[in-house]
Structures are given as C-alpha cells and as structure tokens.
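The values are calculated or read from the model by the stated rules, or taken from the named source; none is laboratory data. As the structure is a computational prediction, the values presented were derived from the model and not from experiment. As a convention, Cβ positions derive from the backbone with ideal geometry for all residues, glycine included, and neighbour counts pool all protein chains shown. Note: accessible area is taken over every heavy atom of the protein model, side chains too, but ligands, DNA and RNA are not part of it. Shrake-Rupley method; radii C 1.70, N 1.55, O 1.52, S 1.80 Å.
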Amino acid sequence: MHLNDFNSASPSAAAAALTPCVDVPRWVEEIVAARSFASPTDLMSFAATAAPGWTEAELDRALHHHPRIGERAAGASPEADMSRREQSGVDTSADTAAQLLAGNREYEDKFGRVFLIRAAGRSAEEILTSLRLRLKNTPDQELHVVAEQLREIALIRLEGLLQS
C-alpha cells in the first residue's frame, strides 16, 4: 500500500491494513487518527511511539496471532503470511530445533504465553541464546521485553506494508 493510499483510505480500511502489523487496537486507532503523514518516515516515526505502555491484555491479544518460534504459522491470514516471511530465514538444525521446542515449553510454563522475538535478521542460534537469557527474567521484566519485541515486529510489518 502506498502512503497516499493509506492516507486517503477510510478509517476502517486503514485500520484493517494496520491490524496485521500488531493487533493492539489503541496503536491502530492512534495511527489512523494521526493521518495524513507527509512521508513514510513520518509514519514510521509516529508508529514507533504510538500508544505507549501496552497493557498485559493488549500484549496477550497481539500474541494470539504469533506462532511459536520455529513453527510455521498456519492459515492464510495476513498475520500468518507475515509470520512465515519473518521466520523464513531461521534455518535450524535438528538439535537447535529440539532446543527451541524445549525452550518454548519452558518459557510457556514460566510466563504463560508464547515466546516472542523479532525473528527477522536473527539466526536460530541467536534466538535460542535470547530465549535462554529471557528465561531468567521476572514476569514484569519479560512483559517489557515482549512489548519491545512486538513493537519491533509491528514496525517491520508496517514498513513491508508501505513497500507492497
């Protein structure tokens, strides 16, 4: 979607385009309300700080659309397509895949949600290292990290949306 198309779209169409980036309605609504943006850079800058302080409920809602790291997203939704592209560069050996699976389970047992990390640009080994480090976090520390990772993913997806 080109910036002009985004700026001129109806509020519902603009929101529908943004929601697959991250399903945090407050973030979507703030960006839609702030239109028109003069440049993609202006939109990206605004999106980077829109709707600060995502709540735990907002994070859980957004995480609902993310598969476990190392698993391919099922379905044909825009979120699933984006997730498959983001994880496409994460090649794993059988040993690393087994360690990611075990780490995912341990993370879910500890924090009660799927482990999320911006996979784009990271190797499976880097992801596994981050997973192990994050398992040492407290639940409050981890909520902050999850919010940062979701925002990074949202911005990558928004940038991709603007280039499509």
Next item on the list: Residue by residue through the stretch 143-164, note down the ones that are open to solvent by 20 Å² or more (accessible area, probe 1.4 Å), within 30 Å of residue 2 (Cβ to Cβ) and touching a residue at least 60 places away in the same chain (Cβ under 8 Å).
Entry: 147, 151, 155, 156, 159, 160, 161, 162, 164
Next item on the list: Just need a number here: residues in the stretch 25-49 that are outside any helix (DSSP H, G or I) and either in contact (Cβ under 8 Å) with a residue 40 or more places away in the chain or of a type in the set (Val, Ile, Thr) (or both).
Entry: 0
Note to self: Looking only at the stretch 71-118, how many residues end up being open to solvent by 50 Å² or more (accessible area, probe 1.4 Å), over 23 Å from residue 139 (Cβ atoms) and either assigned to a loop (DSSP other than H, G, I, E, B) or modelled with pLDDT under 85 (or both)?
What the structure shows: 14
Notebook entry, point to check: Yes or no: residue 129 among the hydroxyl-bearing types (Ser, Thr, Tyr) and modelled with pLDDT of 90 or more?
Noted result: yes
Next item on the list: List every residue pair whose Cβ atoms lie under 6 Å apart, where the two residues are 6 or more positions apart in sequence or sit on different chains, the first residue falls within the stretch 1-24 and is in a helix (DSSP H, G or I), and the second residue, located anywhere, is modelled with pLDDT of 95 or more and among the basic types (Lys, Arg).
Entry: 7/35
Note to self: Condition first: assigned to a helix (DSSP H, G or I) and surrounded by fewer than 17 Cβ atoms within 10 Å (Cβ to Cβ). Now tell me which residues in the stretch 126-142 satisfy that.
What the structure shows: 126, 129, 132, 133, 139, 140, 141
Note to self: For the stretch 1-33, which positions are open to solvent by 70 Å² or more (accessible area, probe 1.4 Å) and closer than 19 Å to residue 149 by Cβ?
What the structure shows: 26
